[in-house]
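Enquirer: Here it is: the structure, laid out below.
Read-outs throughout are calculated quantities, based only on the coordinates presented, and are distinct from any laboratory measurement. Every value quoted in this text rests on a predicted model; they were computed, and no experiment measured them. For neighbour counting, all protein chains shown are included, and Cβ atoms are generated from backbone atoms with ideal geometry for every residue, glycine included.
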Amino acid sequence: MTHPTWPLYDLRVRTPRLELRYIDDALAVELALLAAQGIHEPDFMPFSIPWTQEPSPALERNTMQFYWRCRAETTATHWSINLATLVDGVVVGTTGMMAEQFPTLRVFETGSWLGRAHQGKGIGKEMRLATLHLGFLGLDAEVATTGAWHDNGPSLGVTNSLGYTPVGHRRMVRLGESSTLRGYEMLRDDFVARLRRDDVALHGIEGTRDVLGLDTPST
Ligand SMILES: CC(C)(COP(=O)(O)OP(=O)(O)OC[C@H]1O[C@@H](n2cnc3c(N)ncnc32)[C@H](O)[C@@H]1OP(=O)(O)O)[C@@H](O)C(=O)NCCC(=O)NCCS
């Protein structure tokens, strides 16, 4: 049964280990509560926007507003698609895809986080791979980009382990100080040749492509 008005609610990616589901209000609540339990050490900021510094309950409310805003502002030329990551039916974190002018540029950026209890178990790598599968094979992207602070070992670990190409770095302000953000990209042909798996299933792609102003699926 497909959603009658907002097809993105049907979007899912399944791998043998996890499921990604487009974030509706119920999943947003679960993620807000998970974020409030902590994503990182208090003295380390992994994000370029330090949203996790906000104390509870503002953190949870801001998180809800972020997901509402992303849904509300979705157009073909500007979107953030946020997916909850579930393992055995439990919400463990989230992975997101952001794009500008996607029908023309075919480039998307990824970002993600997991609740602390779920980190360091290979889930981050699997959910990045699932996100790349959605972008390249579901939405016909040509380039995926990502970035992380120079000292974010686990995030860089996921990126390096999947074989992204470094594309430079930028000095940026991080909590009032200068820091270095490293950038990476992966091309569609590289993904298809090295990482494509036949045990990843997409659901709700046709409606998603329609909302995003893309042609009907090519495969
Ligand atoms: C970043 C994050 C999503 C990664 O997910 P994860 O499940 O913890 O990572 P994984 O267990 O899948 O590890 C992936 C790879 O990174 C490697 N890795 C993990 N920690 C590492 C470290 N400190 N230094 C170098 N490599 C590291 C792992 O060995 C693994 O590589 P392999 O498969 O080749 O062995 C998760 O740690 C997280 O949510 N961190 C806090 C929020 C955050 O930093 N978000 C990203 C902002 S850019």
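Enquirer: Kindly indicate whether residue 188 is crowded, with 16+ Cβ neighbours inside 10 Å, closer than 24 Å to residue 67 by Cα and in contact with a strand residue (DSSP E or B) (Cβ under 8 Å, 6 or more places away or on another chain). If you could, list the steps in order and put the result at the bottom.
Expert: On the way: crowded, with 16+ Cβ neighbours inside 10 Å: yes; closer than 24 Å to residue 67 by Cα: no; in contact with a strand residue (DSSP E or B) (Cβ under 8 Å, 6 or more places away or on another chain): yes.
The answer is no for residue 188.
Enquirer: If you don't mind, there's one more thing I want to ask. Which residues, taken from the range 26-69, are among the β-branched types (Val, Ile, Thr), in contact with a Pro (Cβ under 9 Å, 6 or more places away or on another chain) and under 16 Å from residue 92 (Cβ atoms)?
Expert: The answer is 39, and nothing else.
Enquirer: Are any residues in the range 134-185 polar (S, T, N, Q), near the ligand (Cβ under 10 Å from one of its atoms) and part of a strand (DSSP E or B), and if so, which ones? Don't jump to the end; show me each part of the working.
Expert: We begin by selecting, within the range 134-185, every residue polar (S, T, N, Q); these are 145-146, 152, 155, 159-161, 165, 178-180.
Filter again for near the ligand (Cβ under 10 Å from one of its atoms), leaving 146, 152, 155, 159-161.
The one that is polar (S, T, N, Q), near the ligand (Cβ under 10 Å from one of its atoms) and part of a strand (DSSP E or B): 146.
Enquirer: Continuing with this model, one more query. Just the residues that are touching a Pro at 6+ places or on another chain (Cβ under 7 Å) and loosely packed, with under 14 Cβ neighbours inside 10 Å, please, taken from the range 155-179.
Expert: 175
Enquirer: Of all residues in the range 17-44, count the ones that are within 14 Å of residue 85 (Cβ to Cβ) and either assigned to a loop (DSSP other than H, G, I, E, B) or in contact (Cβ under 8 Å) with a residue 60 or more places away in the chain (or both).
Expert: So the answer is 13.
Enquirer: Name the single residue that is surrounded by the most Cβ atoms within 10 Å (Cβ to Cβ) among those in the range 119-133 being within 16 Å of residue 31 (Cβ to Cβ) and more than 7 Å from the ligand (Cβ to nearest atom). Give the steps one after another, and end with the answer.
Expert: Initial filter on the range 119-133 (within 16 Å of residue 31 (Cβ to Cβ)): 119, 123-124, 127, 131.
Imposing the further condition that a residue be more than 7 Å from the ligand (Cβ to nearest atom) reduces the set to 127, 131.
Working: 127: 27, 131: 24.
Checked the range 119-133; the qualifying residue surrounded by the most Cβ atoms within 10 Å (Cβ to Cβ) is 127.
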